[in-house]
1. What number, in percent, do you get for the relative contact order of the chain if the mean sequence gap of Cα pairs under 8 Å and at least 6 apart is divided by its residue count?
2. Counting other C-beta atoms within 10 Å, and keeping those with at most 10, which DSSP coil trypsin sites (Lys or Arg not before Pro) do you find in region 113-148?
3. Ignoring ligands, DNA and RNA, what percent of the 1.4 Å accessible area of the chain is carbon and sulfur?
4. What percentage of all Cα-Cα pairs in region 134-213 are separated by more than 20 Å?
5. Leaving out same-chain residues fewer than 8 places away, which aspartates and glutamates sit with a Cα under 20 Å from that of K188?
6. Using alpha-carbon pairs under 8 Å, 6+ residues apart, how would you state the relative contact order of region 1-84 in percent?
7. Under 27 Å from the Cα of K50, which lysines turn up, not counting those fewer than eight places away in the same chain?
8. Given a Förster distance of 22 Å, report the FRET efficiency between K131 and M47 from their Cβ-Cβ distance, rounded to the nearest 0.05.
Amino acid sequence: MNIVLLGAPGAGKGTQAEKMIAAWGIPHISTGDILRKAVADGTPLGMQAKGYMDRGELVPDLVVIGLVKSRLAESDARDGFILDGFPRTDGQAEALDRALGEMGMKIDAAISIDVDRDVIVRRLTSRRTCKSCGKIYSLLDPTVDPSKCAACGGELYQRDDDTEATVRNRLSVYDRSTAPLVDYYRSKGILHAIDGDRPVDTVFADVRRIVGR
Ligand code: AP5
Ligand code: MG
């Protein structure tokens, strides 16, 4: 099954993708994760992307579309994939459909995770991520130890774009450029909207029902 995870910053796309990978082992293609790694490694792609990401703006379509096309051409994506944070513009959605069509593939389900804005700002300013394995945590969860990753012992860090001002800009960019994609996928008959403001496992139960696994 080829799945697109839609939803505003902080809606829980990465968190649900972690659960989906653990359950089904299909590749998780997160453009945000790919770009953050390029920034950390200081590659030309990372140097090009960093300014946009720090401001909470979108990296230009051409750059991101190229990245995703080459990732989708890898053999492990033939048996299903989860796209997280892509597409984010009409141009990206159309380029994705064209590229998949050329490979004899298509998107089977677009899952939109919906969460209120005030909840999102609280979530994002409290998020921590493991530097080693990428696992996502919330300091709003009193059981989380902020000194190390419970899965691998790695150091937890706060993303550069999780300051309140940048979060607010990311939310307006989302409203302007990405929210219209909900209608794009609805018109194709493959949109599934779920309430993301419930416990992680409850949200995941809905994801499972949609995916039928
Ligand atoms: P990206 O990395 O894609 O960030 P985003 O879309 O802003 O989404 P986030 O990763 O912030 O949120 P999420 O929905 O994954 O939430 P999470 O599960 O972590 O993009 C970053 C930047 O890269 C962009 O701004 C842009 O510059 C660039 N970029 C990326 N893709 C691009 C593209 N296609 N085109 C152009 N530019 C692109 O959860 C958040 C927090 O909430 C965590 O602390 C988590 O523990 C907690 N949480 C999750 N679920 C729940 C729940 N059910 N209950 C309570 N807490 C929860
Ligand atoms: Mg994410």
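The values are calculated or read from the model by the stated rules, or taken from the named source; none is laboratory data. Bear in mind that the values here come from a model prediction, so they are computed numbers and not experimental data. Don't worry about glycine lacking a Cβ; one is built from the backbone with ideal geometry, like all the others, and counts go over all protein chains shown. Accessible surface is based on the protein model in full, side chains and every heavy atom, while ligands, DNA and RNA are left aside. Shrake-Rupley method; radii C 1.70, N 1.55, O 1.52, S 1.80 Å.
1. Computed over the chain, the figure is 30 percent.
2. Listed in order of number, the matching sites amount to none.
3. Answer for the chain: carbon and sulfur cover 51 percent of the accessible area.
4. Values: 1874 of 3160 pairs.
Counting every Cα pair in region 134-213, those more than 20 Å apart make up 59 percent.
5. Result set, ordered by chain and number: D84, D90, E94, D97, E102, D108, D114.
6. Values: 76 pairs, mean separation 42.4, N = 84.
In percent, rounded to a whole number, it is 51.
7. K13, K37, K69, K131, K135, K148
8. 0.65
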